[in-house]
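Heads up, the thing below is written out as structure tokens.
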């Protein structure tokens, strides 16, 4: 489903299915065609109770990062998100999420690894895979790459396995940042201070790559 408003906003619905490889094949083609028209704003609505597989999430990312520079990407989560779907949502220049929706991403699974190794498995985006008889799942290597990219926005080591609500996403400046900051200023008169390993401290460690590049320039 595609729609375009008078203000140059083109809408694109992406269903989140547990099993739907043929669906994603068709939607990838339609996504490329829609972005080729170089709309000023392009909104992806994510809807469904499934999860975009890691390989498809990486493919969708490759298409989105090649969009025209003038195209502003808006990602709208109309359902809770998990796994690869979280990465697609994070790619938006502007992100929206249903107020009661949540996001979740698990750790990458490494066979015969202890808990510490599993917690760190996402860092390189490459997992060991010997052969077709190995217990290692090559799909987990794709998932590790997804986690590595998610880590540009959210600290994977600290948040993997936790349910993240919209209030925490606001504290990481991922949704409704300006409105939330104005609310805090009006309510408290100054930014809140938190002690210990707070969300605010974690957010400061995870400035998206694009933001870091622009500051260095």
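Just a few scattered comments:
- Kirkwood hydrodynamic radius computed over region 1-102 comes to 13.5 Å, based on all pairs of distinct alpha carbons.
- Estimated inter-spin distance, residue 157 and residue 9, nm [label 7 Å along Cα→Cβ]: 4.0 nm
Read the figures in this text as sums done on the coordinates, not as results from a lab. These numbers were taken from a predicted model, which means no experiment stands behind them. Note that we place each Cβ from the backbone using ideal geometry, even for glycine, and neighbour counts take in every protein chain shown.
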